[in-house]
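Reviewing the structure listed below.
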Amino acid sequence: MFSAVRSGVRAACRFHSGRRVSSVGLNHRVIAREVQRSVVSRWRGVHTSPAIASPLVTFNLPDVGERMATVVITEWLVKEGDTVSMGDALCEVQSDKSAATVYSPYDGVVKELVVEEEETAHLEKPLVVFEVEDGATGAEEHELKQSPPPPAESAAAETTPPTQLPVSSGKVLATPAVRHLAAEKEVNLADVVPTGKGGRVVKEDILNYINSNTGPTVSGPVTPPPSPPSPPSAEDRVEPITGFKLVMVRTMTESGRIPQFGYKDEVDMNKLVELRSLLKTRLSEGGVAFSYMPVLIKAVSLALVHHPVLNSTVDPDCTTITYRADHNVGVAMDTPLGLIVPNVKRVQEKSVYEIAVELNRLQSLGAAGQLPPVDTADGTFSLSNIGAIGGTYANPMLLPPSVAIGAFGRVKVVPRFDSEGDLERGHVMHVSWAADHRVIDGAEVARFSNRWKNYVENPASMILDMK
């Protein structure tokens, strides 16, 4: 205070500096007037305690939700010099999680917008400077809303329910739209129980008051404390990828870099269904489980004789291609250790029965997790019998360095028309092929598929090409 007085005296001296008059020789009324002006000008913008009645009030950015430390001012809805009422919208803000509107807590004039549009405002830092009416700052109420109550008061609030609605100097917080609705419905805002944020009356409060027509209640709605979050029912488990799964990671990653051509078709399985029913019983007597797979594998080998490029391998840089002499046809198996693709060696030299026996051996070892490396090495062509689990079509991925793979869907019973136009029961299966499009064109895949399909739809024709 004394420093302010001294500053006022110095200001008075500067005021008369043109006449080179010292402070001692100044007229005492002039000095008093200049000191008063200087002190008032210095104290107007200072917000210290409610005991000093100042017409200028600094409004800090309130909590807009979730205690966000910063927000961006997206749009000011008022400008400096505007007259606002308590509850009028001041600005729109945007946080990392949501958008919100900041409302005026005072009646008065906007003197300064502290933060520009598109700039960052900080929680509880100056946002707007108001010139309030009649010097009533309402600073006590604003500071109380921005600061949490002391622990003792909080405990008392939790144990003792309120018996009166809070009243703040006769002012009711409401937006202009809500005030208009209240005037239209002839509702006194002071009689309405506020449920909005910060004790603000919202539209629903007006409508609820009109519907109930019971006047004010002695206590506001009590919001139950949020229940503590329930503990998770299970914990996440992290484990390293090893063994066959790690091999699959590397193989599929490499496969994904290769441009692949896909081709799908439908196969009539009627004759193969009849052939299997004849051979299944006989082979089961010798302890061999007989499925469609041995015949499908043999048909692949016979078709590869005419389309050897599909039984080739390429080097990592795809600069050379090797046409493989043996047909080592791999079959994907779902095992406890992961996806394994053992292969039947030299299929071109084996009968359907020998292929069935070898498949039985590989499946038994795979289920037990005892497949030796020799059974999974040196494959030249791969097949996936995904239809045994389910599904109709698939998008098989190549197993480099091989250049072709096929996947069989499940065999379905569907209605079909015979050559006479009569409806009959039919068995169909869908096949999906994929080929390395860098070395195999689509026409080659289609011709290979047609030849294989002819063998499967007419199993007796396979006898003519077997050696």
With every protein chain in place, the stretch 285-434: carbon and sulfur % of accessible area (1.4 Å): 54
Extension gain (nm, one decimal) between Thr281 and Thr242, 0.36 nm per residue minus Cα-Cα: 9.9 nm
Volume per residue of the C-alpha convex hull in the stretch 320-451, rounded to whole Å³: 148
Value of relative contact order over the stretch 408-467, rounded to a whole percent, pairs C-alpha under 8 Å and six or more apart: 23
Theoretical gain in end-to-end length, Val249 to Ile463 [0.36 nm per residue, Cα-Cα removed]: 73.0 nm
Nearest-20 debye value, the stretch 281-427 charge dipole, Cβ charges on Lys, Arg, Asp, Glu: 180
Rg(Cα) / (2.2 N^0.38 Å) computed for the stretch 299-366, rounded to two decimals: 1.27
Nonlocal amide H pairs with Leu77, under 5 Å, H built at 1.01 Å: Cys91, Glu92
Mean Cβ neighbour count within 10 Å, used as a protection proxy, ranking 424-433, 441-450, 241-250 highest first: 424-433, 441-450, 241-250
Å² per residue, accessible surface of the stretch 259-368 at 1.4 Å: 48
Thr70-Ser212 FRET efficiency (beta carbon distance; Förster radius 35 Å; 0.05 resolution): 0.25
Pairwise FRET efficiency - Ser95 versus Leu337, Cβ, R0 = 35 Å, nearest 0.05: 0.10
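The values are calculated or read from the model by the stated rules, or taken from the named source; none is laboratory data. None of these values were measured; they are calculated from a predicted model. Because the Cβ atoms are built from the backbone with ideal geometry, glycine has one as well, and the counts that use them run over all protein chains shown. Ligands, DNA and RNA are excluded from the accessible area calculation, which covers all protein heavy atoms including side chains. Shrake-Rupley method; radii C 1.70, N 1.55, O 1.52, S 1.80 Å.
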